[in-house]
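This report refers to the structure that appears directly beneath it.
The values are calculated or read from the model by the stated rules, or taken from the named source; none is laboratory data. Nothing here was measured: the structure is a model prediction, and the numbers come from that model. Don't worry about glycine lacking a Cβ; one is built from the backbone with ideal geometry, like all the others, and counts go over all protein chains shown. To get the accessible areas, we keep the full protein, side chains included, count just its heavy atoms, and leave off ligands, DNA and RNA. Shrake-Rupley method; radii C 1.70, N 1.55, O 1.52, S 1.80 Å.
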Amino acid sequence: MVELDAHPQDWARYTPGQRLFRFLVFLASVAAVVWAVMSIDVIWPWVLDAPEQMGDLFGRMVPPDFSNLSDILWVLLETVNIATIATAVAVFAALPVAYIAAQNTTPNIATLWLGRFILVSSRSVNTIIWALLFVAIFGPGIIAGIVAIMFRSIGFIGKLLGEAIEEIDRRPVEALEATGASRLKVILYAIVPQVMPTFWAVSILRWDINLRESTVLGLVGAGGIGIVLQSAIDTFNWPEAATVLLAILALVILGEIVSATLRKRII
Amino acid sequence: MLKISNLVKRYGHGEPVLKGLDLEVPGNSVVAIIGASGAGKSTLLRCINRLVEPTSGTIALNDIVLSDLKGRELRAARRRIGMIFQSFNLVDRLTVMENVQSGRLGYLPFWRAASRRYPKRDIRRAYELMERVGIAHYANKRADELSGGERQRVGVVRALMQEPEILLADEPTASLDPKTSEQIMELLRSLSAEFALPVLINIHNVAEARLYTDRIVGMRYGKIMFDAEPSRLDKAAMDEIYAGLPAEERGEEETPAPSLQVSAA
Amino acid sequence: MSQTRETWPETWHRPPMIANPVLRYGLAAAVLVYALWAVTSLPFDWQRAAEGLARAQRIFAGSIPPSFERSGLLIDGFLESIKIAILATVGGVLLSIPIAFMAAKNLAPKPIYLLGRAIIIVARSFHPVIVAILFVKAVGFGPLAGVLTLIVYSVGFVAKMLAERIEEIDWGQVEAMRSVGAGYLSTLFYAVFPQIMPRQIGLSIYQLDSNLRASAVVGIVGAGGIGSTLANAFGRYDYDFALAITMVIVGAILVSEGISGQIRKRIW
């Protein structure tokens, strides 16, 4: 009997400490939600009203009005061009940034921090906020849009590419250094080939994301299909807004298919 | 002739890995460096072409002192030292030809390297050498499509493309199966004779070292314990190089009787 | 040695990525033509852009030093963003669970599976800013539109990832539960939930982080939170205040990214 007592009679999955911790985390989460619900500036009857309002809006969109379809498709193509040009430029601009932001290739500590600073500031500011700034600078239009997408993409591409550089196989680099090749040639022959697959994958991925982002640039005046959507909404032309939305949906799905195929082909 | 005198290498503030090493490698001899892992073999080799920076001492190749060269001069000196690696260190995603030509990178202008427009002379030499080691028909294949032995041949050709005055080989056969490693050792020996090259080989496999080299240098604790022709590497010498280490560390096919005393490391 | 020697070429070209020359040059030409057309067809307004330099100077001069004078407004906007993110995460994650089960091939019947996938695709395809505009029109300006927007945004990501996890579950565990005679709910709780729970918690934390980021953006079109504060500051040319807000947003994003990364590292 004494020996049997060594086995506990009841069983619990977690130790009391773990249970206490889990309970506290749970409590904190509930408290956060309650705080948010209690203090948020929302008129609650409106919440109950929301489904009806949405239904009403949706009702006004049906049936979509396709009379302006050719114009819409043309602007849509323009949107694709904005995304593509911006991605292409950003990809090249990101290369030196990735190079100095990778610990194993950066020339010195100052350049490392410069690289990281560029990446962090580019990444933490959303495309739309960049667009807001560049619309203020360049005026409304696609230049602001392209520059905004570029600024955001540099951080994204640079970060992933920098990580790829940090993960390369050091051994071929050592081998080429041993042949007496200069720094630039070592990069060209030992680093570039190793980073190439990531480079393509990241470029395609970012292009796909930029396609989505370029559809909203127009809402802050930075060109593309968003401008058409905004004016349709502003004039309460809901059937046309529906057409624009459908066109955007088609574009994004098509973009996803294209990028998936490209990825398979190239890598 | 390679001449190393009083070479010391210390990483950080720890115990030195190389403790005042002296070594001369004249003419076209094939020299094996044996010793347990951690004896400093790899560091020694990497000090010669300065992939590892020596702490003190001098290294001279054909009367040019390598140990205090910098920048461009160092790169020019490295061209004349071919190196072969344990894990081949090829660039997997490049073709065999590009890997081979990367041995010429020190000589090529940048635009030729970038555009892959190699001089005719280099291409001719590459095909000759590749045929010599039996990989010429792989020129357009990607390096990662090749077997281990073939990859090491690419490594050897890359080193020879440099038109080196000495070959350094760091465990060139450790990643290969026994049959292929014998072929590579045989190849290194015949190339040494053919090109009148001194070859310095770090090697774990003492049996191979005995068979394929003219001289064996045994290292332990960053010092040279033995330096003579293979026939003089007897049990006493082996014990001095490997004393107190488990049999598998000795790199010999035939396991010698285990020595009972354990030396304080 | 001499008579058997093959003759090797004296030139060498890297084997091209696309073997067929017609396709290769055709593709290169197509890319070139597209690039030229894309650049020339876009309605660039160079003149207006050229004036940008002076404007940029004015904006930067006006924004430095950043002004934290109206920090009350800033804190209110920021707290509102946090509330929006929390509520949207809770709502989005709860809504994601049934949708994920609908969109899991191995659990749902075909028509329901297709419906589930369609919901996810639509939710994922629209940028939150577009969704926000629609909600702002439907329910008016303010945080409610923000919460609803980010719920849709969360569903698009969480439901997709969760559905993938559900499709990967180990069926052996489900069969084991069934073989001891457990009912549908017990099977769900003992064999399915334990397998998807870690992923679900990780996803929720990740989503809270990305909702916080997104809430800064959807506010720009009127869906509440710090984004609205920023858009207002910009609209009133208060560039010093706008810079202060941007700095706070960037700081908050870095902190939240760090925290969520740490938590996920431990749970995942």
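Distance from the alpha carbon centroid of the range C:50-108 to that of the range B:54-98 works out to 54 angstrom. Counting only protein heavy atoms and a probe of 1.4 Å, the accessible surface of the protein assembly as shown is 63% carbon and sulfur.
Here the calculated FRET efficiency for C:L114 and C:T11, from their Cβ-Cβ distance with R0 = 60 Å, stands at 0.60, rounded to the nearest 0.05. Each Cα pair under 8 Å and six or more residues apart adds its sequence gap; the mean of these over the residue count of chain A is a relative contact order of 24 percent. Listed by chain and number, the lysines placed with their C-alpha closer than 26 angstrom to that of B:K70 are A:K185, B:K3, B:K9, B:K19, B:K41; residues fewer than eight positions away on the same chain are left out. Cβ-Cβ distance of C:D170 and B:D63, R₀ of 56 Å, FRET efficiency by 1/(1 + (r/R0)^6): the value works out to about 0.20. Under a 5 Å amide H cut-off, with hydrogens placed 1.01 Å from N, B:L18 pairs with B:K9 among residues at least 5 apart or on other chains. For C:H127, the solvent-accessible surface computed with a 1.4 Å probe is close to 20 Å², ligands and nucleic acids excluded. Taking both sides together, the accessible area buried where A meets B is about 2100 Å² for a 1.4 Å probe. 3J(HN,Hα) couplings calculated from phi for the range C:49-61 with the Karplus curve 6.51 cos²θ - 1.76 cosθ + 1.60 (θ = phi - 60°) are, in sequence order, 5, 5, 6, x, 4, 5, 5, 4, 4, 4, 5, 5, 4 Hz; Gly and Pro show x.
DSSP assigns beta bridges within the protein assembly as shown; of those with both partners inside it, close to 55 percent run antiparallel. Report, in deg cm²/dmol and to the nearest 500, the calculated mean residue ellipticity at 222 nm for chain A, where each DSSP H run with n ≥ 4 adds -39500 (n - 2.57) and the sum is divided by the residue count. Mean residue ellipticity at 222 nm (helix-derived): -26000 deg cm²/dmol.
Specify whether the C-alpha gyration tensor of chain C places it in the rounded, prolate or oblate class, a ≥ b ≥ c being the square roots of the eigenvalues: rounded for a/c under 1.5, otherwise prolate if a/b is larger than b/c and oblate if not. In terms of gyration-tensor shape, oblate.
Could you name the lysines in cross-link range of C:K160, using Cα to Cα under 20 Å and dropping any fewer than eight places away on the same chain? Straight-distance partners of C:K160: C:K105, C:K110.
Among the chymotrypsin sites (Phe, Trp or Tyr not before Pro) in the range B:1-107, those located in a DSSP loop and surrounded by at most 12 other Cβ atoms within 10 Å of their own Cβ are B:Y11. In terms of accessible area, using a 1.4 Å probe and ignoring ligands and nucleic acids, B:Y212, C:Y237 rank largest first as C:Y237, B:Y212. Model label points for A:N104 and A:L24, set 7 angstrom from Cα along the Cα-to-Cβ axis, are 4.1 nm apart. Taken along the Cα-to-beta-carbon direction at a fixed 7 Å, the label points for A:F236 and A:L184 span 6.5 nm.
Counting 0.36 nm for each residue step from B:K235 to B:A207 and taking away their Cα separation leaves a gain of 8.8 nm.
Placing dummy labels 7 Å off each Cα toward the beta-carbon, the span from B:V8 to A:L48 is 8.8 nm. What separates the Cα centres of the range B:177-203 and the range C:152-176 is a distance of 57 Å. Across chain C, C-alpha contacts under 8 Å between residues 6 or more apart give a mean separation that, scaled by the residue count, equals a relative contact order of 26 percent.
Each residue of the range C:129-137 was assigned a 3J(HN,Hα) from its phi angle through the Karplus curve 6.51 cos²θ - 1.76 cosθ + 1.60 (θ = phi - 60°); the sequence is 5, 5, 4, 4, 4, 5, 5, 4, 5 Hz, with glycine and proline shown as x. Database remark: amide H of B:M83 closer than 5 angstrom to the amide H of B:L168 (H placed geometrically; neighbours at sequence offset of 5 or more, or on other chains; Pro and chain starts carry no H). Rounded, prolate or oblate: pick one for the range A:1-156, where a ≥ b ≥ c are the square roots of the eigenvalues of its C-alpha gyration tensor, a/c under 1.5 means rounded, and failing that, prolate if a/b is larger than b/c, else oblate. Oblate, because a/c is 1.5 or more while a/b does not exceed b/c. Taking a ≥ b ≥ c as the square roots of the eigenvalues of the alpha-carbon gyration tensor, the range A:195-267 is classed oblate because a/c is 1.5 or more while a/b is no larger than b/c.
Here the range A:83-142 and the range A:222-263 have alpha carbon centers that stand 26 Å from each other. Under a Gaussian network description of chain B, with springs only between Cα atoms under 10 Å, the residue in B:L197, B:L105, B:L66 that fluctuates furthest is B:L105. Using a Gaussian network model of chain B in which every pair of alpha carbons under 10 angstrom is joined by a spring, one finds that among B:R132, B:R220, B:R50 the greatest mean-square fluctuation is at B:R132. Note on chain C: with a GNM built from Cα contacts shorter than 10 Å, the maximum mean-square fluctuation among C:W37, C:W12, C:W171 falls on C:W12.
From its DSSP helices (H runs of at least four residues, each -39,500 (n - 2.57)), chain B gives a residue-normalised ellipticity at 222 nm of -10000 deg cm²/dmol. All other residues whose Cβ lies under 15 angstrom from that of A:I233 are scored, Lys and Arg at +1 and Asp and Glu at -1, for a net of -2. For the range B:129-136, the Karplus equation 6.51 cos²θ - 1.76 cosθ + 1.60, evaluated at θ = phi - 60°, returns couplings of 5, 5, 5, 4, 9, x, 10, 4 Hz by residue, with Gly and Pro reported as x.
Taking a sphere under 12 Å around the Cβ of C:A191 and counting the other residues whose Cβ falls inside, with K and R at +1 and D and E at -1, yields a net charge of -1.
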